[in-house]
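*Asks:* My questions all concern the structure below.
The values are calculated or read from the model by the stated rules, or taken from the named source; none is laboratory data. Fair warning: this is a prediction, and the values are worked out from it, not measured in the lab. We place every Cβ from the backbone using ideal geometry, glycine too, and count neighbours over all the protein chains shown.
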Amino acid sequence: MQTAIKPKKITFKHAESEWYNYHHTLKEIARLRENIMNPFDEDPDDPTIVKGANSVRNPGNPTERIATRLTTHKQLNHLTEIADAIDQVYNALPDNYKELARLKYWNKNTKLTWEGIAMKLGIGRATAIRRRNEIIVATVEVLGWR
């Protein structure tokens, strides 16, 4: 059996912060995609824009340009990779681990302590922390971070 390499402390914190910001990341991905697919276009009724018979036009394939921008946008690719990794880890978790992740990272109503989370799950504090560590280490491994 292969043992996992323990991630650096800063890597662990970074991966955990990505879990906290997961829903913000999804919103940012949607915003970036929208901006790429519908870039700002000049107002055709703007009197300051003078277009004549010889004005510059962008001939070509707009669908191809959009697809190329979507696949080559570095920030979009990075955020998508992180969101996909969290999805992959979350979907592979047993139900009791999923509940821990929801309570710890995605609970907007109240900020629970480890004791509160453990009490809601009916487990010990150390067990809750150990499960959190397993979730974050699995995320680090999926992302290929060290």
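*Asks:* Among (1) under 25 Å from T25 (Cα atoms); (2) in a helix (DSSP H, G or I), where does R146 come up short?
*Replies:* Against the list (1) under 25 Å from T25 (Cα atoms); (2) in a helix (DSSP H, G or I), R146 comes up short only on (2).
*Asks:* Can I ask one more? Is there any pair linking a residue in the stretch 71-100 that is in contact (Cβ under 8 Å) with a residue 24 or more places away in the chain and at negative phi to one that is acidic (D, E) and assigned to a helix (DSSP H, G or I), with Cβ under 6 Å and at least six apart or on different chains, and which?
*Replies:* Filtered contacts from the stretch 71-100: L79/E28; I82/E18.
*Asks:* OK, next. Pull up the stretch 54-76, narrow it to residues that are within 21 Å of K27 (Cβ to Cβ) and surrounded by 13 or more Cβ atoms within 10 Å (Cβ to Cβ), then point me to the one that is modelled with the highest pLDDT.
*Replies:* Checking each candidate, the answer is L76.
*Asks:* I've got another one for you. Test N35 against the criterion of being at pLDDT 90 or above, in a helix (DSSP H, G or I) and among the polar types (S, T, N, Q), and give yes or no.
*Replies:* no
*Asks:* Turning to a different aspect of this structure: Take the residues of the stretch 101-115 that are free of Cβ contacts under 8 Å to residues at least 12 places away in the same chain and surrounded by fewer than 13 Cβ atoms within 10 Å (Cβ to Cβ): which is nearest to A128 (Cα to Cα)?
*Replies:* So, considering only residues that are free of Cβ contacts under 8 Å to residues at least 12 places away in the same chain and surrounded by fewer than 13 Cβ atoms within 10 Å (Cβ to Cβ), the one nearest to A128 (Cα to Cα) is E115.
*Asks:* If you take the residues in the stretch 68-118 that are hydrophobic (A, V, I, L, M, F, W, C) and not in a helix (DSSP H, G or I), which one is nearest to the chain's Cα centre (by Cα)?
*Replies:* So the residue we want is W106.
*Asks:* Quick one: how many residues across the stretch 10-40 are farther than 19 Å from N107 by Cβ and free of Cβ contacts under 8 Å to residues at least 12 places away in the same chain?
*Replies:* Number satisfying all stated conditions: 9.
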